[in-house]
Amino acid sequence: MPKMKTKSSAKKRFRVRPGGTVKRGQAFKRHILTKKSTKNKRHLRGTTGVHETNMGHMAQMLPGAGL
């Protein structure tokens with residue numbers, strides 16, 4: 001059987017943490033920032049985790065990650 005391939009877009013956007021959770025970057029921070037408040041942009045900094053309801057899709061996109 002051939003090996004299952006990882007989605008190229010997923011391996012660029014997600015990292016699997018040692019506990020099995022997946023971390024992702026925040027959305028809505030790339031452009032049209034003038035109309036967003038400073039507080040809003042400050043809360044969009046950093047990374048967050050992928051919600052547990054989306055972990056099934058993450059397991060399909062990252063088959064070798066052991067999710």
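The values are calculated or read from the model by the stated rules, or taken from the named source; none is laboratory data. None of the values given here were measured: they were computed from a predicted structure. Ideal geometry is used to build each Cβ from the backbone, glycine not excepted, and the neighbour counts take in all protein chains shown.
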Where in the chain are there strands (runs of 3 or more DSSP E), lying wholly inside it, with at least 3 residues that are among the hydrophobic types (A, V, I, L, M, F, W, C), touching a His at 6+ places or on another chain (Cβ under 6 Å) and at pLDDT 95 or above? none
List the residue pairs whose Cβ atoms are under 6 Å apart, where the first residue sits in region 7-26 and is under 25 Å from ARG42 (Cα atoms), the second is in a strand (DSSP E or B) and polar (S, T, N, Q), and the two are 6 or more positions apart or on different chains. LYS23/THR47; GLY25/THR47
Can GLY49 be described as in contact (Cβ under 8 Å) with a residue 24 or more places away in the chain, within 30 Å of MET4 (Cβ to Cβ) and more than 12 Å from the chain's Cα centre (by Cα)? no
So, first residue over 21 Å from ARG13 (Cα atoms) in region 27-43, second residue surrounded by fewer than 10 Cβ atoms within 10 Å (Cβ to Cβ) and modelled with pLDDT of 95 or more, Cβ within less than 7 Å, six or more apart or across chains; the pairs are none
